[in-house]
Amino acid sequence: MPQCHSAAKVTSTAPALGQTVALVVIHNVGLTPCTLDGYPGLAAETSSHARIQLRVRDLAPGQRAGAVSGVSPQLVVIGVGQQASFRLAYGDTPVGSAQCPDVAQLLVTPPNGLHSVAAAQGLPPSVCTSVAVQAIQAGTAAS
């Protein structure tokens, strides 16, 4: 199957006690079904489009990062107009005198993808720690 032509959006966030958990939905906007398998790539940009270096860590099955649990990577077939999703978690409170970069948009690269898509809606502005990310799952209810 071909690579996904996709759009991504942060559909919900749950900031709590210094950590943010977000659900990111990837939508197949192509003309054919496609497959995803594994973990998405993540990057971030400021409002002036300067790249922010993120430390991303894939959550293996059984690992936890706050309210996010790792799941086993699996091949996900996304039909035309259908969706897949993943959750991510990161600290959003500075530690000591450290400055946290302000994120204007999250850039998501689907597994095995060549192009990133911007997901800016609903993302809390500061990423102060590494970002823990789940493997892609079918549908929009990543656990």
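The values are calculated or read from the model by the stated rules, or taken from the named source; none is laboratory data. Because the structure is a prediction, the values reported are computed rather than measured. Cβ sites come from the backbone with ideal geometry, for glycine too, and all protein chains shown count toward neighbours.
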In region 41-56, which residues are more than 12 Å from the chain's Cα centre (by Cα) and not in a loop (DSSP other than H, G, I, E, B)?
Glu45, Arg51, Ile52
Could you check Gly41 against (1) touching a His at 6+ places or on another chain (Cβ under 7 Å); (2) at pLDDT 90 or above; (3) among the small types (Gly, Ala, Ser) and say which number it fails?
(1)
Whichever residue in region 22-40 is of a type outside the set (S, T, N, Q) and assigned to a loop (DSSP other than H, G, I, E, B) and, among such residues, is farthest from Gln137 (Cα to Cα)
Leu31
May I ask you to say which residue of Ser72, Ser85 is loosely packed, with under 14 Cβ neighbours inside 10 Å and in contact (Cβ under 8 Å) with a residue 24 or more places away in the chain?
Ser72
Positions within region 92-111 being part of a loop (DSSP other than H, G, I, E, B) and either modelled with pLDDT of 80 or more or surrounded by 15 or more Cβ atoms within 10 Å (Cβ to Cβ) (or both), in sequence order:
Asp92, Cys100, Pro101, Val103, Ala104, Pro110, Pro111
